[in-house]
Amino acid sequence: MQGRIEKDSLGEKEVPADAYYGIQTARAVENYPISGWRAHPRLIDAYMYQKKASALANKEAGVLKPDVADAIVKACEEVLAGALRDQFVVDVFQAGAGVSQHMNTNEVLANRAIEILGGRKGDYSVVHPNDHVNFGQSTNDTYPTAMRIAALLCARDMEPELAALETSLDAKAKEFDHVLKSGRTHLQDAVPVRLGQEFAAYARAMGRGREVLKDACRQLQELGLGGTAAGTGLNTAPGYRERSIQHLRQLTRLDLRPSPDMREAMQSNLPMSAIASAQRMIALEVIRITNDLRLLASGPITGMAEILLPAVQPGSSIMPGKVNPAILEMAAMVGFQVVGNAATVDYAVQAGQLELNVMMPAMTFNVLTSFEILRNSLAVLRTRCIDGIRADEAACLRYAELSPSIVTALNPYIGYAKGAEVVKEALKSKKTIPQVVREQNLVSEEDLKQILDPFKMTEPGITGKKEKS
């Protein structure tokens, strides 16, 4: 392929003639043949918003010629519309701080802006990647800005799926509200609950996850843009910082604001740990809930089999007719990955030194990956599993009536010790609790019916207890 010769501080290098990226990107491609993974689309979007906002702010400040600024803005808009996405070619595992990703961005925008102004790619006298696209900016303030915006955009993408899963679980809670079943603690029989109560608790867990996510997002909204290389704002025009962030607010519709301390915003990436922690907490709850549902659906003959899952695929290559809880298994594995990604983010966040944390590409990759797989898995979990769950009401009721733990309701009448004796006798003789209570004449039949009403035991209070005179 014919190429063009470009030059940087290290010397000359050939770049493919049709490439919109330049020499620094070409060096990065050679230096980092690591994973084959490229920047998440939302990181590219975020950088386009940032570069557009900065070009507009610099134009308004009079430090960037209007025609150059307008060309840069138009190039950003084209990429946001889907153009030139194949030109962002740097591996996600790259130079520290995201220098390579940043220069890939600057070079693509510069070369497209050159074309818009009638020039030929590589003629940086028209639009220069550093002197124009990057005027008053540094990797050290733009990459953290793009990283935070990308995470906020992904959070905004995921929140509806999290809310939809909460709604689906709540709908199942209402559908199953009348279904009585045995509760279980320590994986042993416990007092009765309603299946709907279990699902209502799952819905609340997802609601709490949304609250945690929103809290973490508030930390990401503070930006250090305008701090340039060390958080001091060197080489920025007066008013640039405020103007650029105001433009970002308008472009992204995110509640962005300047950080109270640009040095802290550059040194510390604690907000990335906060968002990864929110992802981890959501993942932990998803893992827990899917494990519960797998237990409740175990069987169909030798397990609990209290709920019936939608059959989505055959479950065995050797056992005919076997159907597994495949969607639940997938969701749990995604959860494991998210937990691992969060650990990587935490290690990267604590690895900063002095004025800069250079481990930001690792943070970005893991946070955005977690958002992607969480969002997709929540949608599949909802549509291909939760929405189609049915209850085996007969099995649930049978367990509720057989559970020896319903004796707990008798404690106020016969005491804990006597209740334990009743349980032992019931298990030994293979009789139900009501049978043993009747044989030993411990309470009247009328009181027994009131006390051992499983439905009444699923609400607060001591059902049936009479006032003593």
Taking a ≥ b ≥ c as the square roots of the Cα gyration tensor eigenvalues, with a/c under 1.5 meaning rounded and otherwise prolate when a/b beats b/c, else oblate, which class fits the stretch 403-458?
rounded
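Assigning unit charges at the beta carbon (Lys, Arg +1; Asp, Glu -1) and nothing else, what dipole magnitude in debye, to the nearest 20, does the chain show about its Cα centre? Intermediate results must be reported in sequence, preceding the final value.
Working: 53 positive and 55 negative charges, 171 e Å.
With Lys and Arg at +1 and Asp and Glu at -1, about 820 debye.
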Pull up all non-local amide H partners of ARG184: gap of 5 or more, or a different chain, and H-to-H distance under 5 Å with H placed in the peptide plane.
ALA190
Residue-wise, which Karplus ³J(HN,Hα) couplings in Hz belong to the stretch 449-458, taking 6.51 cos²θ - 1.76 cosθ + 1.60, θ = phi - 60°, and x for glycine or proline?
5, 6, 5, 9, 6, x, 5, 5, 6, 8
Output ³J(HN,Hα) for the stretch 162-177: one whole-Hz value per residue in order, computed from phi by the Karplus curve 6.51 cos²θ - 1.76 cosθ + 1.60 with θ = phi - 60°, and x for Gly and Pro.
5, 5, 5, 5, 4, 5, 5, 5, 5, 5, 5, 4, 5, 4, 9, 4
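Taking a 28 Å limit on the Cα-Cα distance, which of the listed pairs LYS59/LYS214; LYS430/LYS456; LYS172/LYS428; LYS172/LYS424; LYS174/LYS424; LYS174/LYS431 fall beyond it? If you can, show how the numbers build up before the last one.
Details: LYS59/LYS214 34 Å; LYS430/LYS456 25 Å; LYS172/LYS428 37 Å; LYS172/LYS424 36 Å; LYS174/LYS424 36 Å; LYS174/LYS431 33 Å.
In this structure, LYS59/LYS214; LYS172/LYS428; LYS172/LYS424; LYS174/LYS424; LYS174/LYS431 lie more than 28 Å apart at Cα.
Under a Cβ-Cβ cut-off of 12 Å, what is the net charge of the residues other than PHE176 that fall near it, where Lys and Arg count +1 and Asp and Glu count -1?
Details: positive: LYS172, LYS174, LYS181, ARG194, ARG390; negative: ASP170, GLU175, ASP177, GLU198, GLU306, ASP392, GLU393.
Counting the neighbours of PHE176, the net charge comes to -2.
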Of the listed peptides 94-106, 56-68, what is their order by residue-averaged count of other C-beta atoms within 10 Å, with the highest listed first?
94-106, 56-68
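What order do you get for 363-369, 404-410 when each peptide is scored by the mean count of other beta carbon atoms within 10 Å, highest first? Mind showing how you got there, number by number?
On the way: 363-369: 25.4, 404-410: 21.9.
Result, highest mean Cβ count within 10 Å first: 363-369, 404-410.
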Integer Hz, Karplus 6.51/-1.76/1.60 couplings in order for the stretch 25-41, x for Gly and Pro
5, 4, 5, 5, 4, 5, 6, 10, x, 9, 10, x, 8, 10, 4, 4, x
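All of the numbers you see were taken from the coordinates with simple rules; none came from a lab. What you see is a predicted model; the values in this text were computed from it and never measured. Heads up, the Cβs are rebuilt from the backbone with ideal geometry, glycines too, and the neighbour counts pull from every protein chain shown.
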